[in-house]
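Structure first, commentary second.
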Amino acid sequence: EFSQDLNNLEKEDKDLKTDPKSVKFTSIEKTDQKPIINPQKIDRPIYEPDPGAIFQKELNVSYYQPKKAEIKNVEPLLTEMVIVPGGSYTRGSDSGSRDEKPKHKVTINSFALDIHSVTNEQFVRFLEFMGGEKNSDNNDIIRLRNSRIKRTAGKLIIESGYVKHPVVGITWYGAQAYAKWVGKRLPAEAEWETAATGGEDSAEYPTGLDIDHTQANFFNSDTTSVMSYPPNGYGLYDVVGNVYEWCEDWYAYNFYDISMQEPENPTGPKQGVYRVLRGGCWKSLKEDMRCAHRHRNNPGTVNGTYGFRCATDVS
């Protein structure tokens with residue numbers, strides 16, 4: 001059996017002949033456009049000292065000064081990206097759920113999208129950088145008991161066999177914070193659906209008019225390693241199945257009525273209760289693999305089916 005901790009990640013990457021500092025991009029169509037990678041400053045949370053440490057060891061000590069935590073300079077492992085060309089695309093479905101209606105055209109600028117969901121080995125580095133599982137606003141980034149990452153004796157350990165699986169147990173806050181850390185962002189819902197079709201505007205599924213268990217991980221018992229199934233027409237892996245993916249947008253039940261009237265780069269309502277999730281997951285039914293399928297939840301919600309991938313603008 002193989003257990004993976006942070007100190008072994010760099011060795012594994014070398015064995016796999018990957019370069020964690022390289023930023024690759026691919027496009028099905030030849031283009032001079034490139035992803036805009038712009039890492040942003042992430043504020044770490046301030047953790048309270050252990051109350052037990054306040055007990056004085058000497059009578060002449062009048063107050064306790066906690067030892068400053070060591071700030072670790074952790075480099076991210078960046079995912080290869082594909083360029084999704086801008087243009088006019090069909091969004092929604094007239095035969096699906098009410099929140100998928102009406103089917104309509106939107107215009108999307110070119111953008112780049114990670115070829116696969118963020119993995120456990122990638123996200124564990126972000127947790128090491130943050131020093132914990134909360135952001136500076138005290139929102140959960142991840143709930144470890146819902147994930148395959150555990151903290152043992154102060155070290156972050158990835159469960160055996162799950163290094164290359166998509167990270168799960170992620171909140172929307174955690175997905176957004178990670179994206180900023182690596183210089184990217186979360187995809188807009190309209191971008192996600194555009195990318196899912198693989199360039200086939202009439203496609204019901206990323207695989208065309210139908211999908212089966214050789215093409216995506218659904219109605220199953222667990223996640224699989226990323227890139228275990230064939231990519232869609234844009235070169236994107238697991239765009240449906242495996243894990244639901246957080247999008248940037250707030251969710252609105254009737255938002256398509258609005259985006260039909262304002263079709264230029266629609267980005268969802270200005271505020272809301274729920275954030276959008278897309279793509280279905282390992283335990284979803286076949287109908288949830290459709291490109292038009294929509295899901296939503298509170299941004300602080302976690303479970304073993306929620307993950308994400310990152311996007312960027314292009315230049």
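Read the figures in this text as sums done on the coordinates, not as results from a lab. Computed from a prediction, not measured in an experiment: that's the story for all the values here. Here the Cβ positions follow ideal geometry from the backbone for every residue, glycine too, while neighbour counts run over all protein chains shown.
Here are the numbers for this structure:
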item	result
Cross-link pairs Lys164/Lys184; Lys34/Lys270; Lys164/Lys286; Lys134/Lys180 - those with Cα-Cα distance over 27 Å	Lys34/Lys270
Sparsely packed GluC sites (Glu not before Pro) within region 93-190, loop by DSSP, other Cβ within 10 Å at most 16	Glu159
Cα gyration tensor shape for region 152-225, rounded if a/c is under 1.5, else prolate or oblate	oblate
Residues of region 90-107 with amide N under 19 Å of the 7 Å Cα→Cβ point at Phe219	96-97
Global form of region 90-241, assessed from the alpha-carbon gyration tensor, a/c cut-off 1.5	prolate
Arg151 versus Ser97: modelled label distance in nm, points set 7 Å from Cα along the beta carbon direction	3.4
Listed residues Tyr306, Gly272, Val239: farthest to the positive end of the dipole of region 233-315 (Cβ charges)	Tyr306
For a label point 7 Å along the Cα-to-beta-carbon line of Ser110, residues of region 257-281 with backbone N under 18 Å	265
Per DSSP, loop chymotrypsin sites (Phe, Trp or Tyr not before Pro) in region 181-269 with at most 14 further Cβ within 10 Å	Tyr253
Fewest-first ranking of His165, His295, using other Cβ atoms within 10 Å as the exposure measure	His295, His165
Formal net charge of residues neighbouring Ser117 (Cβ-Cβ distance under 11 Å; K, R +1; D, E -1)	-1
Neighbour-count order for Ile115, Ile142, fewest beta carbons within 10 angstrom listed first	Ile115, Ile142
